[in-house]
Structure formats: structure tokens, C-alpha cells
Amino acid sequence: MIRRFAVFAIAALLAAVLVPETARANDDPQFVYQEGTLPRLDQAQRFILRGALLDGICQYRYNVQVPSSWQSYQVRDVGIDSTRCVKLVEYGIPTQPPPRGDRMLSKDIEPSTRSATGKTGVPARLASTVSSGYSKAWYENSFQALLTGDTTYLTWEWDGSCVLTGSVRGGWEWNSNLGWGIQSYGGDSDLTCARQYGNTYSYFTGLLGCYHQYYYVKGWGWWDGLITGDRSATANCGGAYFHYSVVKTTG
């Protein structure tokens, strides 16, 4: 994990090829797009992501770097060709909040606090700022309705040299009207002078044997106020468009 950049991964053992949209292979993908106009992403860029078939499921490895100046960012599937295991992916700065499910639950994830200390062991406290944000992964259907989602919420106090205090909360949501339910969930957290770290995970099931598994949805709140994140997830049924955001909400 390089702190100044965002790196996204699904099925870490599998490699994928990123091909610019203008340099497609001869057998052009036949993408199925989400219906309607997607919420605008500022400074948006697109690329073609080629995955691999494993046990009948297309698996993808996302490797995207965003500028360190971006306080928030989103990566999302725009079009899917399940026959060829190819996606059209877009990333940029979100302009709208993500959709919500009709069922939700949340819990604190091992909240922790600490005090900054100088080299002599005497408490030393500089002017500090309290920031908050989240790392969120979710799947939508073709009509832009959220199916399932997993979110790691961070709050951390920092002074430009150290993270002083912090807490983590997990949030999970799903669309029960479309047959989805949550089967398991949890998380972990850790606090050091360098960062507040949080992670959540979950497993959802739907109709016809469909499932969404979020292996991890991680977030880091850093000593200089920066927020970064990472995630790994998979879905075994078609028509699930993956979205991922890291957003700094305050501070």
C-alpha cells in the first residue's frame, strides 16, 4: 500500500490487462451499460479492464492510481461484457453521495484512542484538526439501485505530525426488496501515530444462489489529514456493477 496513491484489488492472485478505451482488441467488447445517466464524476477517465474466468466467475484486478491532490475519488463499472470477461471502468471525483439500501446496520469497530508524546515522553500537543471520511464498496444493478454495500467510516484527530485519537465504525446495507440479505459481517481497527486504520468485511446472499462477498474494505486516516482506502470484493452473478469510493467528509 503506497500511502499517496489508491490501489484497488479484486482476486489478488489473478492478473488483468488494462487497455486504454481507444486501443481495443479486434474482438470489440459488447458492453451492457447501466440504464440512465450516471452521476457525474469530475476529471473522469475511462479504461478497459480485462479479467480472467475462475470457477465460472469473471474475476478482475483493478489497479488505479489517482492524484494525491484528490481529497475524494470513485471508481465504478460503466459497462460489462460477461462473455469476454471485460469491463469498461471509469474513475474521477464524485459529485453526489452514493445510493442507499432499504436495510442498514452499523456498529463500532474496536474504537481506540491515544495521546501524542514528545521524544522525552512528556505529552506534547499541537493545534489539531478532527477529520472524518469513509471507504465504501457497493454493487448496483443495471437501474442504478444499490444491491449491497460495505462501508468503513473513519474519524481521526491529527496535528500534522501524529494522529492523536481516532475511531472506526462499520456500516452495511442491502436491498431487501430485490431479495438481498446479509449473512455475516465484521471488522477490525488499529491506531498508530502515523494513521488511524479501519477495515470491514461482509457476505450477502440474494436470489437464485447469487452472493456478494466483501473480503475487505479498508480505510486509513493519516497524520497530515489525508484519507486513503483499498478494497477487495467479488460477485458470482451477472448484472452487478461494482462501485468504490473514498471520501473525506470533514476536516
- Item | Check on Thr113, closer than 18 Å to Gly221 by Cα, surrounded by fewer than 16 Cβ atoms within 10 Å (Cβ to Cβ) and at pLDDT 95 or above | no
- Query: Of the residues that sit in region 48-65 and are within 18 Å of the chain's Cα centre (by Cα) and surrounded by 16 or more Cβ atoms within 10 Å (Cβ to Cβ), which one is nearest to Gly209 (Cα to Cα)?
  - Reply: Gln59
- Query: Has region 78-94 got at least one residue that is within 18 Å of Gly149 (Cβ to Cβ), surrounded by 12 or more Cβ atoms within 10 Å (Cβ to Cβ), in contact with a Pro (Cβ under 8 Å, 6 or more places away or on another chain) and modelled with pLDDT of 80 or more?
  - Reply: yes
- Message: With the requirement that a residue be more than 14 Å from the chain's Cα centre (by Cα) and of a type outside the set (Ser, Thr, Tyr), what does region 76-88 give you?
- Response: Val78, Gly79, Ile80, Asp81, Arg84, Cys85, Val86, Lys87, Leu88
- Query: Regarding Thr234, is this residue closer than 30 Å to Asp81 by Cα, of a type in the set (Val, Ile, Thr), crowded, with 22+ Cβ neighbours inside 10 Å and in contact (Cβ under 8 Å) with a residue 40 or more places away in the chain?
  - Reply: no
- Could you list all residues from region 176-223 that are outside any strand (DSSP E or B), over 20 Å from Glu110 (Cα atoms) and open to solvent by 60 Å² or more (accessible area, probe 1.4 Å)? Asn177, Leu178, Leu207, Leu208
- Query: For the subset of region 126-175 comprising residues that are in contact with a helix residue (DSSP H, G or I) (Cβ under 8 Å, 6 or more places away or on another chain) and surrounded by fewer than 20 Cβ atoms within 10 Å (Cβ to Cβ), which member is farthest from Gln96 (Cα to Cα)?
  - Reply: Asn141
- Under 7 Å between Cβ atoms, at least 6 apart or on separate chains: pull out the pairs that start in region 21-40 with a residue that is under 16 Å from Asn141 (Cβ atoms) and end on any residue that is at pLDDT below 90 and part of a loop (DSSP other than H, G, I, E, B). none
- Task: Go through region 237-246 residue by residue and tally those that are farther than 20 Å from Gln34 by Cβ and either open to solvent by 10 Å² or more (accessible area, probe 1.4 Å) or among the aromatic types (Phe, Trp, Tyr) (or both).
- Result: 0
- Which residues, taken from region 72-88, are closer than 15 Å to Thr37 by Cα and aliphatic (A, V, I, L, M)? Val78
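The values are calculated or read from the model by the stated rules, or taken from the named source; none is laboratory data. Source: prediction; values computed, not measured. Because the Cβ atoms are built from the backbone with ideal geometry, glycine has one as well, and the counts that use them run over all protein chains shown. Side chains are part of the model used for accessible areas, which takes the heavy atoms of the whole protein and leaves out ligands, DNA and RNA. Shrake-Rupley method; radii C 1.70, N 1.55, O 1.52, S 1.80 Å.
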